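We did not get these values from a lab; they are worked out from the coordinates using the rules stated. Because the structure is predicted, anything quoted here is derived from the model rather than measured. Cβ atoms come from the backbone with ideal geometry, glycine included; neighbour counts cover every protein chain shown.
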Amino acid sequence: MPEDRWVLLRRVDRYDPAKMSAVVQEGFKLLGRKPKGRVLIKPNVVFANKNYSQHAFTHPDLVGVVADKVRGFDGITDLTIGESGGFAIPTRLNFKESGYYEMGSRHQVPIVDFNEDQYTKVALKKGKFHKTLLCPNLIHEADFKIWMPKLKFHICCEITNALKLNIGSLLHKERMLFHDDRLNDKIVDVLEIGYPDLVVSDAITIGHGFESCAKPFHLGLIMISNDPIAADVVAAQILGYRPEDVHHLRIASERGYGSIDPASVKVLGDVSIEELARKTSGIVSEFQDMQKLDTNIRFYEGIGPNTNQICYGGCMAAVKGSLGTIDARRPGSLKNAKEGAIVTGIYEGDVDAGSGVCLLIGDCTEVKGNIKAGRIKKVKGCPIGAVQLTSVLPSVFGMPSPLFDLRDVPLVVLNTIEKVLIKVKNRAF
């Protein structure tokens, strides 16, 4: 952790290579040290779809600019862009839908899905729930790490920037472990393997609503920092949060990763936090609070059995993800949904689904009260996946299902097969 923590805020109105290059050059100059050896660039490519999700990922043009700058330093032996995208969707498909493979070809840098590559099992010294992790070798063996998040509001963790980006450091086989009411602790667990040397945040267009199918908001900013905690302290304030109210940021500070006092961060640049916060103050990120959704479905969130608090990162996060995808693909799906109710966790109180279905989602879910409904249906899982729910919610509430998309479903199948073949080939060698 650097003693002198700084964040550079520069106005960049569009994804113009020359303007982005100048800001990135300034960031490296402020850093005061050069990348060397094996360099890994990790962007956010959680999900992409050419038809309805083009604002959820770090813009490939900005990533390409950073790759070019890195290659200009002496002593670089290897340069790779790596990521593990959202669970259950092949990351290579997200790379294709977001234009990352084309960018990699233009800038002559390999684009790698961590799930297809080699990994090393590492023991964690600070982990609360993860005592070990299967660390991708591209992270484990990197001499210099550059994290490139996309600044967005998050459905269950307030914001997603440098720290939350580390969920994409996990292989899919470990991604959903503790992804429930322990998610914020999990994020900080992963920070131990994914502590970057430089953070370059894409905030030219930020995201709100549901982060994997984010709605765009033009902020016109590139943010660069020499410390992920400092980067998120500033990012939190830009999005209207006090740093201590971003739970994973507060936990990281409590575990010794640095102060989250805004006064501990030196802010540089040509735009102030206050000005940026005024710009974002009117944004409504409705999937953060399900009660704000314009729909006939009612939502009841209960506590989880692990920590006796709202299970924000578990089944309700999957509900948000599924509904967010359904509505992004076919806008108006939620507004026109059939009447009903969705319950997650252990809910104390009565539930009113009207004449529709009361859907109890998750192994632990129960209602300690009365249920008014035409029918009660239970869906098991812990935590249940958004993909599984996408097969249930449309049929229950009369919404168009992405699982019948004639374009997307074959792409998922074909890229899954390709992913398996690449894994077999890589493990063989």
Can you give the FRET efficiency for Leu421 and Glu141, using 1/(1 + (r/R0)^6), R0 = 35 Å, r = Cβ-Cβ distance, to the nearest 0.05?
-> 0.90
Could you list, in their original order, any pairs among Lys320/Lys372; Lys34/Lys186; Lys152/Lys423; Lys42/Lys173; Lys42/Lys96; Lys279/Lys338 whose Cα atoms are separated by more than 27 Å?
-> Lys34/Lys186; Lys152/Lys423; Lys279/Lys338
How do 110-123, 203-216, 225-238 rank on mean C-beta neighbours within 10 Å, highest first?
-> 225-238, 203-216, 110-123
Hey, can you rank 8-18, 187-197 by average C-beta count inside 10 Å, highest first?
-> 187-197, 8-18
Relative packing of 313-324, 292-303, which averages over residues the other C-beta atoms within 10 Å, highest first = 313-324, 292-303
Restricting to segment 15-123, what percent of DSSP beta bridges are antiparallel, rounded to 5?
-> 10
Given the Cα-Cα distance of Ser264 and Lys34 and 0.36 nm per residue of separation, how much length would full extension add, in nm?
-> 80.4 nm
Qualifying lysines (Cα of each under 17 Å from Cα of Lys29; at least 8 residues distant if same chain) = Lys19, Lys69, Lys145, Lys266
Inter-label distance, nm, simple model (7 Å from Cα along the C-beta direction), Met1/Ala88 | 3.7
For the chain, share of DSSP beta bridges that run antiparallel, in % to the nearest 5 = 40
Let me know the whole percent of all Cα-Cα pairs from the chain that are separated by more than 34 Å.
-> 29
Of the DSSP H helices in the chain, the ones reaching 20 Å or more along their long axis in Cα terms and averaging at least -1.0 in Kyte-Doolittle hydropathy are 17-31, 315-329, 408-428
In nanometres, the difference between 0.36 nm per residue of separation and the alpha-carbon distance of Lys279 and Ser401 is 40.4 nm
Which length gain, in nm to one decimal place, applies between Asp363 and Glu102 when the Cα-Cα distance is subtracted from 0.36 nm times their residue separation?
-> 89.7 nm
